[in-house]
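> Before we start, here is the structure in question, set down as structure tokens.
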Amino acid sequence: MRAEYDFSKARKNPYAKQLQKQVTIRLDVASVAYFKGLAAELGMPYQNLINLFLRDCAAKEKRPVLEWVAVPPPAQGGEREVK
């Protein structure tokens, strides 16, 4: 390796902004903990792992399966039934 490098003629990567986009996303604590644990096992940042997972889902055109669970109506008298 050189002791010093000359970057005076260097130019920015014109495709850098297309590579990644910063977004804000709200994830529940359990999901973040899962990916952090898995990422620690694999030795990589958890954000990269989440990105790889989402990219794989997009490439395979996976769609989430949403199942809504019916909640029973409250018991008479305004009190909920305790099970």
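Bear in mind that the values in this text are calculations on the coordinates, not laboratory data. Values in this document were obtained by computation on a predicted structure and should not be read as measured data. Neighbour counts run over all protein chains shown; Cβ positions are idealised from the backbone, glycine included.
> For region 1-36, which positions are loosely packed, with under 10 Cβ neighbours inside 10 Å and under 19 Å from the mean Cα position of the chain (by Cα)?
GLN18, LEU19, GLN20, LYS21, GLN22, VAL23, THR24, ILE25, ARG26, ASP28, VAL29, ALA30, listed by residue number.
> If the Cβ limit is 9 Å and pairs must be 6+ apart or interchain, which residue in region 1-29 that is assigned to a loop (DSSP other than H, G, I, E, B) pairs with which residue that is surrounded by 10 or more Cβ atoms within 10 Å (Cβ to Cβ)?
Partner pairs satisfying both residue conditions: GLN20/ASN51; ILE25/ILE50; LEU27/PHE35; LEU27/ILE50.
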